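Heads up, the thing below is written out as structure tokens.
Since every read-out is calculated from the coordinates, none of them should be taken as a lab result. Predicted model only: the values in this text are computed from it and were never measured. Virtual Cβ from ideal backbone geometry, glycine too; neighbours counted across all protein chains shown.
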Amino acid sequence: MARKILRGILIVVGLLLAVLAIQAFRYRDTIQRVFLGGVKVYETQPPQLPANLPRPAILVFSKTNAFRHADAIAAANSLFQQIAHDKGWGYFQTENGAAFRPDILSRFDAVVFNNVSGDVFTPDQRLAFEAFVKNGGGFLGLHAAGDNSHEAWPWYADNLIGATFTMHTMSPQFQTATVNLEDRASPVLAGLPPSWKHNEEWYSFAASPRLKGYHVLMTVDERTYNPEGMFGKDLRMGTDHPVVWWHCVGKGRALYSALGHQPEAFRQAEYVRLLTNAVSWTARQTGSECGDAKALP
């Protein structure tokens, strides 16, 4: 009898291990991206750009070497393509990091990091992008572009984004909360109401970028949602919980928005207006911040 019981236990354990092995194989890419430091994919051959690219022009970049927000990326790409079309701007979308070299970047006025995650560039590509921004190029980062998967690149995490991601909400993950606008004179906030409700996976940060002198454009009211992360971690930042901010990087303009995990965000009228304003501002079509535009390298 004991042998039969032991055999039964071994069979059950074997079946469970087999199921786990199958699931691990099935989700191996996600496991690598989320739990094992991300994938290591670095392109060296750049994409072919259109011969005639109208100016202003925006480069929308959505490469992911860590967690991939697939649905949100597709929705945001479509939105920025429509924005560029409506404005008569040049537009190019890629996930090829080799596009980040001086001669290619010089054809664009702003770069959008659409939920970019992980370590996505070679050292030369990093330097080219850094020079692009410091010499007057614009940067607009969305959601995962400011998470903790970028820590291998200190300049990007500390100087371009300027805030250290700690965790996002998990109780529940997606919640509707009230966002409030600040600096109403900013062209980025033109045409927006003083506050509105937004459903999001709410990011928290170790400290407000306001402490570094960055200009906060929008905060979330922690009284309107449950700022609790995994295992009950308290994610409260207090009355100053920024979710959209900007600052100058050399002569360049940098703006980051922590919103945009779900595709519905890119169909919400208020957020569409904010991003339309933001891409115009980062491309130096509005506002006078960060000095005069200069010829890019």
Cα-based helix-to-principal-axis angle, 123-134 vs the chain, degrees rounded to 10 = 40 degrees
Order by neighbour count: E289, E95, fewest other Cβ atoms within 10 Å first, most last.
-> E289, E95
What's the extension gain from N148 to D124 if we count 0.36 nm per residue and subtract their Cα-Cα distance?
-> 6.5 nm
Of (1) 21.0; (2) 20.3; (3) 21.9, which one was derived for Kirkwood radius over Cα pairs in Å from the structure shown?
-> (2)
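To the nearest 500 deg cm²/dmol, what mean residue ellipticity at 222 nm is calculated for the chain from DSSP H runs of n ≥ 4 alone, each contributing -39,500 (n - 2.57), summed and divided by the residues? Could the numbers behind the result be given before it?
On the way: 6 runs with 81 residues, N = 297.
For the chain, the value works out to -8500 deg cm²/dmol.
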Most exposed first, judged by fewest Cβ atoms within 10 angstrom, H143, H168, H150 run H168, H150, H143
0 to 90° range, to nearest 10: angle between helix 70-87 axis and the chain longest Cα axis = 10 degrees
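Using the number of other C-beta atoms within 10 angstrom as an exposure proxy, rank C248, C290 with the fewest first. If you can, show how the numbers build up before the last one.
On the way: C248 16, C290 19.
So the ranking, lowest neighbour count to highest, is C248, C290.
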Gained length - Y42 relative to Q82, 0.36 nm times residue gap less alpha-carbon distance | 11.5 nm
Flagged as over-length at 32 Å C-alpha distance, from K87/K212; K63/K233; K197/K233; K87/K233; K63/K212, the pairs are K87/K212; K87/K233
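Based on the Cβ-Cβ distance of A269 and V12, what FRET efficiency does E = 1/(1 + (r/R0)^6) give at R0 = 51 Å, to the nearest 0.05? Kindly include the intermediate steps, with their values, before the conclusion.
Values: r = 54 Å, r/R0 = 1.06.
Efficiency computed from Cβ-Cβ geometry: 0.40.
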What residue among V41, V279, V116 shows peak mean-square fluctuation when the chain is described by a Gaussian network model with Cα springs under 10 Å?
-> V41
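Taking Cα pairs under 8 Å and at least six residues apart, what relative contact order does the chain come out at, in percent? Let's see the in-between values first.
Numbers: 598 pairs, mean separation 57.4, N = 297.
Relative contact order for the chain comes out at 19 percent.
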For helix 2-26, what angle does its Cα long axis make with the longest principal axis of the chain, in degrees from 0 to 90 and rounded to 10?
-> 20 degrees
